[in-house]
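Asks: Mind having a look at this structure? Questions to follow.
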Amino acid sequence: MVAAVPVNQSQKPLAGIRVVELSQGVAAAYCGRLLAVLGAEVTLLEPPGGHRLRAEPPFLPGAAGSSALFAYLAAGKRSYVHEADAGLGVVPDELLREAHILVHDVPVAETEAQGLDSETLAQRFPNLINLSVLPFGAQGPKADWRAEEINAIHAAGEGFLLPNGLSVELFPDRPPLKIYGHFAAVQAGVAAALGALSALWVGKGQSVDVSVQDAALAVGCFAIQRLGDGSVEHRAGRSFKYGGVLECRDGFVEVLTLEERQWQGMVELMDRPAWATDGTLDDPLERSRRGAELNGHIRAWARQHEVAEIVGRAQALGVPMARYNAPADVLNGPHERARGLFQTVEVDGAGPTPMLVAPFHFGGAPLRLRGGPPALGADGPVTMTETSLQARAAR
C-alpha cells in the first residue's frame, strides 16, 4: 500500500480565505478547524485568560493542563487575545473588514451588545458571511436556550435510541447513555462548515444559522422517517435483525449485510453451515423474521474465531465487516498510515503529538495542518484603535 502525497498549503481549496472565530464551545470550534484544514487562515479570538476549552479534560500525557480537546480543535489556527471589555464588543473592526467568514456561538441575547447581530453586521460589513452556531439556532422559540452536549443529544433523539443492539441485550437495566465525547457538537460543526462553503459559493455576504439540535437530529433521520410512518423506535427494539456487533475470541467486530450478495458472502465466510443454506433463508424477509435465530448462530460462530482472521476474509468476500480498534491500533494501522490520516504536530508541554488531520481527502490526497495548537496570544493581542473604539461606542 503506497502512501498518498499530501496537498500543499497553496493548493488547498480555501487558500486565501480569512476566517475569524469567536467560540466558546466545540461546535463553532470544530467548524473553524475544518475550515483551517481546508486552507483558510483562521484567527481564534481568545479572552485574556484563554479559551475555555484550554482547561477542558482530558489532558495530554506529560503536559499538565494541556487539553487534548483544545489541541485538536485549535490545530493550525492563529491566536489573538481580545480586549476584556466585552461591552464594546470583542471582535475588532479591522479583522472583520479583512475577513470572509465570522464563525461564532455568541448567545442571541448578547449579540447586539457586541455588535454581532445579523442586522449590524450586514450593514457594516456587507461582504461578510456571519455564521452562527447555537444549541437551538439563532431564531425560533428556543433561540435563547442554552445547552450542553448531553442536552443536545437527548433533544435530538439519540438518547432515546442508545444503547441498542448487543449492548442493550447484555445490559438491559442500564439507563440511556450519552455518546462519548461531543457527537452532536461535531455534527453541528460539519453542518456549519458546509453552510460556510455554500455561502462562499454564492459569493456575497449573508447570515448562516446553524442549530446543534437540528444537525444531530439529521443523523437519526431514519428514526424520524419511521415516526412519520407511525413507528416509534426505542433502544430496546432498535437493532439489526441479524449481524451487528459480534464478539470474537480476541475482540469485537461489526457486520451489516444489507444486500443479497453480502449475505451470500457471509454464508461463504462461515463455510456454508447447514443452517445458513436452508432454502427458506433465500428470502430476505424470512431472514428478518428469523433474525434472533440467525444471530444466535452467527454469534456462536464468531466466538470461535479471531478478529484479524474473519475481517480479512470478510473483506475479500465483499462482506461489510470491520474490527473495533483501540486507539493505539488506529494510530499504528497500515490503512491509516497509507491514507495519511495522522500528522505529527508540536504541542506545547507535550512535544511531538500525532493528530488526526481531517476525516476526508481532497483531490484523492490527504491534507496537512499548518501546525499544532497556538500558544495563547501567539499572534499578538488585538488592540483596538481609537477609531474602532469610537465606532463601537456610537452603535
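The values are calculated or read from the model by the stated rules, or taken from the named source; none is laboratory data. For clarity, every value in this text was computed on a predicted model and none was experimentally measured. Don't worry about glycine lacking a Cβ; one is built from the backbone with ideal geometry, like all the others, and counts go over all protein chains shown.
Asks: Mind telling me which of the residues 68, 55, 75 ends up being free of Cβ contacts under 8 Å to residues at least 24 places away in the same chain, among the hydrophobic types (A, V, I, L, M, F, W, C) and under 22 Å from residue 337 (Cβ atoms)?
Replies: Values: 55 fails: under 22 Å from residue 337 (Cβ atoms); 75 fails: free of Cβ contacts under 8 Å to residues at least 24 places away in the same chain.
Of the residues listed, the single one that is free of Cβ contacts under 8 Å to residues at least 24 places away in the same chain, among the hydrophobic types (A, V, I, L, M, F, W, C) and under 22 Å from residue 337 (Cβ atoms) is 68.
Asks: Can you spot a residue in the stretch 305-326 that is closer than 20 Å to residue 167 by Cβ, touching a residue at least 12 places away in the same chain (Cβ under 8 Å) and assigned to a helix (DSSP H, G or I)? Before the answer, list the steps.
Replies: In the first step, residues of the stretch 305-326 are kept if they are closer than 20 Å to residue 167 by Cβ; the result is 307, 320-326.
This time we only want the ones that are touching a residue at least 12 places away in the same chain (Cβ under 8 Å), so: 307, 320-324.
This time we only want the ones that are assigned to a helix (DSSP H, G or I), so: 307.
Scanning the stretch 305-326, I find at least one residue that is closer than 20 Å to residue 167 by Cβ, touching a residue at least 12 places away in the same chain (Cβ under 8 Å) and assigned to a helix (DSSP H, G or I), so the answer is yes.
Asks: Then there's this: Filter the stretch 154-168 for residues that are closer than 23 Å to residue 248 by Cα and part of a helix (DSSP H, G or I) and give the result.
Replies: 166, 167, 168
Asks: How many residues does the stretch 159-180 contain that are in contact (Cβ under 8 Å) with a residue 24 or more places away in the chain and of a type in the set (Gly, Ala, Ser)?
Replies: Final tally of qualifying residues: 2.
Asks: Here is a follow-up. Suppose we filter 55, 40, 36 for residues that are under 15 Å from the mean Cα position of the chain (by Cα) and of a type outside the set (D, E, K, R); which single one remains? Give the derivation first.
Replies: Working: 55 fails: under 15 Å from the mean Cα position of the chain (by Cα); 40 fails: under 15 Å from the mean Cα position of the chain (by Cα).
Just a single option satisfies the conditions, and that option is 36.
Asks: Is the stretch 169-184 home to any residue that is over 15 Å from the mean Cα position of the chain (by Cα), part of a helix (DSSP H, G or I) and surrounded by 18 or more Cβ atoms within 10 Å (Cβ to Cβ)?
Replies: No, there is no match, as no residue in the stretch 169-184 is over 15 Å from the mean Cα position of the chain (by Cα), part of a helix (DSSP H, G or I) and surrounded by 18 or more Cβ atoms within 10 Å (Cβ to Cβ).
Asks: Here's something else I'd like to know. Could you grab me the full set of residues in the stretch 125-144 that are surrounded by 15 or more Cβ atoms within 10 Å (Cβ to Cβ), part of a loop (DSSP other than H, G, I, E, B) and out of contact with any Phe, Trp or Tyr (no Cβ under 8 Å at 6 or more places or on another chain)?
Replies: Correct list: 125, 128, 137, 138.
Asks: Okay, moving on. Can residue 71 be described as of a type in the set (A, V, I, L, M), touching a Pro at 6+ places or on another chain (Cβ under 9 Å), assigned by TED's automatic domain parsing to the domain that holds residue 209 and crowded, with 23+ Cβ neighbours inside 10 Å? Explain how you work it out, then say what you get.
Replies: Numbers: of a type in the set (A, V, I, L, M): yes; touching a Pro at 6+ places or on another chain (Cβ under 9 Å): yes; assigned by TED's automatic domain parsing to the domain that holds residue 209: yes; crowded, with 23+ Cβ neighbours inside 10 Å: yes.
When the stated conditions are applied, residue 71 passes them.
Asks: Which one of these is among the charged types (D, E, K, R) and in contact with a helix residue (DSSP H, G or I) (Cβ under 7 Å, 6 or more places away or on another chain): 293, 309, 286?
Replies: Details: 293 fails: in contact with a helix residue (DSSP H, G or I) (Cβ under 7 Å, 6 or more places away or on another chain); 309 fails: in contact with a helix residue (DSSP H, G or I) (Cβ under 7 Å, 6 or more places away or on another chain).
Residue meeting the stated conditions: 286.
Asks: So if I check each of 141, 107, 126, which one is under 22 Å from residue 52 (Cβ atoms) and not aromatic (Phe, Trp, Tyr)?
Replies: Details: 141 fails: under 22 Å from residue 52 (Cβ atoms); 126 fails: under 22 Å from residue 52 (Cβ atoms).
Of the residues listed, the single one that is under 22 Å from residue 52 (Cβ atoms) and not aromatic (Phe, Trp, Tyr) is 107.
Asks: Hey, could you check the stretch 277-301 for residues that are among the aliphatic types (A, V, I, L, M) and in contact with a Phe, Trp or Tyr (Cβ under 9 Å, 6 or more places away or on another chain) and say which is modelled with the lowest pLDDT? Before you say what the answer is, go through the steps one by one.
Replies: Our first condition is that a residue be among the aliphatic types (A, V, I, L, M); within the stretch 277-301, this holds for 281, 285, 292, 294, 298, 300.
Checking the rest, the ones that are also in contact with a Phe, Trp or Tyr (Cβ under 9 Å, 6 or more places away or on another chain) come to 281, 292, 294, 298.
Details: 281: 91, 292: 85, 294: 93, 298: 95.
The qualifying residue modelled with the lowest pLDDT is 292.
Asks: Among the residues of the stretch 293-304, write down those that are touching a residue at least 24 places away in the same chain (Cβ under 8 Å) and either assigned to a loop (DSSP other than H, G, I, E, B) or among the aliphatic types (A, V, I, L, M) (or both). Steps first, please.
Replies: Applying the first criterion (touching a residue at least 24 places away in the same chain (Cβ under 8 Å)) to the stretch 293-304 yields 294-295, 297-299, 301-304.
Across the stretch 293-304, the qualifying residues are 294, 298, 302, 303, 304.
Asks: Take the conditions loosely packed, with under 15 Cβ neighbours inside 10 Å and either of a type in the set (A, V, I, L, M) or not assigned by TED's automatic domain parsing to the domain that holds residue 98 (or both) and apply them to residue 197. Does it pass? Let's see the steps before the verdict.
Replies: Values: loosely packed, with under 15 Cβ neighbours inside 10 Å: no; either of a type in the set (A, V, I, L, M) or not assigned by TED's automatic domain parsing to the domain that holds residue 98 (or both): yes.
Taking the combined requirement at face value, the residue does not satisfy it.
Asks: Further question: For the stretch 257-272, state whether one or more residues are touching an Asp or Glu at 6+ places or on another chain (Cβ under 8 Å) and either modelled with pLDDT under 90 or assigned to a helix (DSSP H, G or I) (or both). I'd like the intermediate steps shown before the answer.
Replies: Within the stretch 257-272, the subset touching an Asp or Glu at 6+ places or on another chain (Cβ under 8 Å) is none.
Looking through the stretch 257-272, none of the residues is touching an Asp or Glu at 6+ places or on another chain (Cβ under 8 Å) and either modelled with pLDDT under 90 or assigned to a helix (DSSP H, G or I) (or both).
Asks: Test of understanding: among 83, 149, 110, which residue is on the phi < 0 side of the Ramachandran plot and surrounded by fewer than 16 Cβ atoms within 10 Å (Cβ to Cβ)? Even if it seems obvious, please write down each step before you answer.
Replies: Numbers: 83 fails: surrounded by fewer than 16 Cβ atoms within 10 Å (Cβ to Cβ); 149 fails: surrounded by fewer than 16 Cβ atoms within 10 Å (Cβ to Cβ).
Matching residue, one of 83, 149, 110: 110.
Asks: Sort out which residues of the stretch 321-344 are more than 14 Å from residue 366 (Cβ to Cβ), of a type outside the set (Asp, Glu) and out of contact with any Phe, Trp or Tyr (no Cβ under 6 Å at 6 or more places or on another chain), and write them in order of number. Walk me through it before giving the result.
Replies: The first filter runs over the stretch 321-344 and keeps only residues more than 14 Å from residue 366 (Cβ to Cβ), leaving 321-334.
This time we only want the ones that are of a type outside the set (Asp, Glu), so: 321-328, 330-334.
The answer is 321, 322, 323, 325, 326, 327, 328, 330, 331, 332, 333, 334.
Asks: Looking at the stretch 187-200, can you tell me whether even one residue there is within 30 Å of residue 227 (Cβ to Cβ) and part of a loop (DSSP other than H, G, I, E, B)? Don't jump to the end; show me each part of the working.
Replies: Taking the stretch 187-200 and keeping what is within 30 Å of residue 227 (Cβ to Cβ), we get 187-195, 198.
Going one step further and asking which of them are part of a loop (DSSP other than H, G, I, E, B), we end up with none.
For the stretch 187-200, residues within 30 Å of residue 227 (Cβ to Cβ) and part of a loop (DSSP other than H, G, I, E, B): absent.
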